[in-house]
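These notes are about the structure you will find just below.
Where a number appears in this text, it was derived from the coordinates with a stated rule and is not lab data. As the structure is a computational prediction, the values presented were derived from the model and not from experiment.
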Amino acid sequence: MLTESIVLFRPPRRRQPSRLFDHGIVAIDGSKFKAVNNRDKNFTECKLEARLQQLEDSIAHHLAELDRADREPSAALPGRVEHLTSKTANVRAQVRQLQLVGREMRSTKDQQLSLTDPDARSMATSGRGTGIVGYNVQTVVGKAGERCSSKTPVPQR
């Protein structure tokens with residue numbers, strides 16, 4: 001990972017490796033910066049599967065209520081059947097939309113898709129089960145104080 005990150009510090013026009021290590025001492029640091037992208041607009045395979053499962057559970061719940069209303073028409077409130085039918089149709093539309101997002105996500109290089117900010121990536125943080133959508137910025141500082149920063153987000157591996 002270190003060599004992959006250091007490669008990012010080389011300017012694209014340069015064919016020779018940078019002389020970053022000429023001074024013998026360097027400091028390398030990485031920081032995570034939060035992006036403008038909302039976590040709900042960032043998709044990974046795991047997030048997508050969890051959201052689709054929630055929607056499928058919601059559809060099953062609505063259909064069970066509709067079955068109950070069919071068995072006991074007098075127990076159903078007026079307009080309840082139409083409301084449940086409408087909600088079920090809306091949830092099915094969301095499922096179709098997420099399936100399209102899933103196809104697009106699976107075609108990306110790192111199997112992740114951010115709708116608001118395409119360069120932002122979902123990254124784990126030290127809190128259990130938490131994470132941010134942002135950038136992992138790598139910085140290298142040499143003995144003389146020269147600093148190089150990667151302009152490209154480094155995906156978390």
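Brief remarks follow.
- ³J(HN,Hα), Karplus 6.51/-1.76/1.60, whole Hz, each residue of the range 73-81, x for Gly, Pro: x, 6, 7, 7, 5, x, x, 5, 5
- Amide H contacts of residue 114 (H built 1.01 Å from N, under 5 Å, at least 5 apart or other chain): 43
- For the range 39-114, the average shadow cast by the Cα convex hull is 5.4 nm², which is a quarter of the hull's surface.
- Across the range 29-40, coupling constants 3J(HN,Hα) worked out from phi with the 6.51/-1.76/1.60 Karplus curve, θ = phi - 60°, read 9, x, 10, 9, 10, 5, 8, 6, 4, 6, 4, 6 Hz, and Gly and Pro carry x.
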